[in-house]
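The values are calculated or read from the model by the stated rules, or taken from the named source; none is laboratory data. Model, not experiment: these values are computed from the prediction. All Cβ positions, glycine included, derive from the backbone under ideal geometry; neighbour counts span all protein chains shown. Each accessible area value is taken on the protein alone, full model and side chains, heavy atoms only, with ligands, DNA and RNA left out. Shrake-Rupley method; radii C 1.70, N 1.55, O 1.52, S 1.80 Å.
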Amino acid sequence: MSEIYFVRHGQASFGATNYDQLSGKGHQQARLLGEYFQRRGMTFDHVLMGDMVRHRETAQGIAQPLGLDESAFEVFRELNEFDFHAILAAYTTQFPEQALPEKPAVADFFKRLRQGIMLWSRCELEGDLPETWADFEQRVQRMKMDIMARCAGKRVLAVSSGGAIAMLVSQLLRSPSETMIELNLQTRNTALIHCVFNQRNMRLSSFNSVPHLDDPAHQSLITYA
């Protein structure tokens with residue numbers, strides 16, 4: 001059976017100057033996931049990751065307990081997140097009354113981001129954005145088709161981001177754009193999204209599971225940023 005585990009990156013550095021790096025919690029989440037795979041005796045034939053720093057650091061954390069050779073990891077840009085900074089900036093420019101304070105609360109940030117993504121999905125967000133909603137849909141579709149075509153018979157690990165994973169799941173479920181947005185905002189850091197596939201089709205098996213954090217001592221490590 002061909003199967004793939006999509007992993008959302010560990011908690012990044014929300015509120016810092018550079019979001020695109022793991023926080024201390026993010027590194028811990030990634031290591032615990034690697035240890036979980038190691039305890040289960042799981043190995044991977046192929047490891048894919050986006051080219052963002054948080055993807056690479058998450059993959060490295062998972063790889064260490066498994067003894068995986070990082071030089072064999074494949075950078076696959078189709079796994080990258082959409083530019084949510086650009087989406088949010090366009091939204092707050094279009095609606096200046098929604099401007100965020102210098103140090104926004106997480107809830108306020110995601111509330112505005114949700115509205116921005118909704119407008120983006122409807123082609124109602126103004127501004128020169130680096131990617132249209134249709135471009136994003138097509139990019140994720142290409143990623144799925146590529147994996148199905150060349151990874152038959154393998155167990156694959158793919159480190160990505162919440163938006164790209166939510167778009168994939170939404171496509172697999174044939175659901176509307178509103179579903180993708182809700183899935184995006186509820187996907188946990190280092191959550192597992194398990195799919196089975198062949199060269200013709202991919203099917204969702206499970207979504208947003210964090211078995212490596214299923215311990216009272218790790219409840220504070222269940223995060224969404």
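Computed values, structure above
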{"item": "Unit charges on C-beta of K, R, D, E only; dipole of the range 73-225, Debye", "result": "740 debye"}
{"item": "Residue-wise HN-Hα coupling along the range 29-46, computed from phi with Karplus coefficients 6.51, -1.76, 1.60 (Hz; x: Gly, Pro)", "result": "4, 5, 5, 5, 5, x, 5, 4, 4, 5, 5, 7, x, 8, 10, 10, 7, 8"}
{"item": "Karplus-derived HN-Hα couplings along the range 104-114 (A = 6.51, B = -1.76, C = 1.60, θ = phi - 60°), whole Hz, x at Gly and Pro", "result": "x, 5, 4, 4, 5, 4, 6, 4, 6, 4, 4"}
{"item": "Among Leu172, Leu129, Leu32: highest mean-square fluctuation, GNM of the chain, C-alpha pairs under 10 Å", "result": "Leu129"}
{"item": "For the chain, built as a Gaussian network whose Cα springs stay under 10 Å, the top-fluctuating residue of Leu100, Leu33, Leu157", "result": "Leu100"}
{"item": "Correct choice for semi-axes √(5λ) of the Cα gyration tensor in Å that was computed from the model, options (1) 28, 21, 15; (2) 25, 23, 18; (3) 36, 20, 16", "result": "(1)"}
{"item": "Cα gyration tensor shape for the range 31-145, rounded if a/c is under 1.5, else prolate or oblate", "result": "prolate"}
{"item": "Per-pair calculated FRET efficiency, R0 = 35 Å: Thr93 and Tyr224 via Cβ, rounded to 0.05", "result": "0.85"}
{"item": "Charge context of Arg8, other residues only, Cβ under 11 angstrom, K/R +1, D/E -1", "result": "+1"}
{"item": "For Gly10, distant residues with modelled amide H under 5 Å away", "result": "Thr58, Thr190"}
{"item": "Those aspartates and glutamates that a straight Cα-Cα span of less than 16 Å connects to Lys154, excepting residues fewer than 8 apart in one chain", "result": "Glu3, Asp45, Glu74, Asp146"}
{"item": "Residues of type aspartates and glutamates that Lys111 reaches as a straight line, Cα spacing below 12 Å, ignoring anything fewer than 8 places off in the same chain", "result": "Glu182"}
{"item": "Dipole moment magnitude, nearest 20 debye, the range 1-144 about Cα centre, only Lys, Arg, Asp, Glu C-beta charged", "result": "560 debye"}
{"item": "Cβ-based net charge around Asn184, under 12 Å, with every Lys or Arg adding one and every Asp or Glu removing one", "result": "0"}
{"item": "Sequence of Arg122, Arg188, Arg8 when ordered by accessible area, the most exposed leading, probe 1.4 angstrom", "result": "Arg122, Arg188, Arg8"}
{"item": "Using θ = phi - 60° and Karplus 6.51 cos²θ - 1.76 cosθ + 1.60, couplings along the range 175-181 (whole Hz; Gly, Pro as x)", "result": "9, x, 4, 4, 5, 4, 5"}
{"item": "Nearby lysines by direct alpha-carbon distance to Lys25 (threshold 21 angstrom, same-chain neighbours under 8 apart not counted)", "result": "Lys103"}
{"item": "Selection of trypsin sites (Lys or Arg not before Pro), the range 17-48, meeting DSSP coil and at most 10 other Cβ within 10 Å", "result": "Arg40"}
{"item": "Positive-end residue, the range 1-97 charge dipole about Cα centroid, Cβ charges, pick of Gln38, Met49, Phe95", "result": "Gln38"}
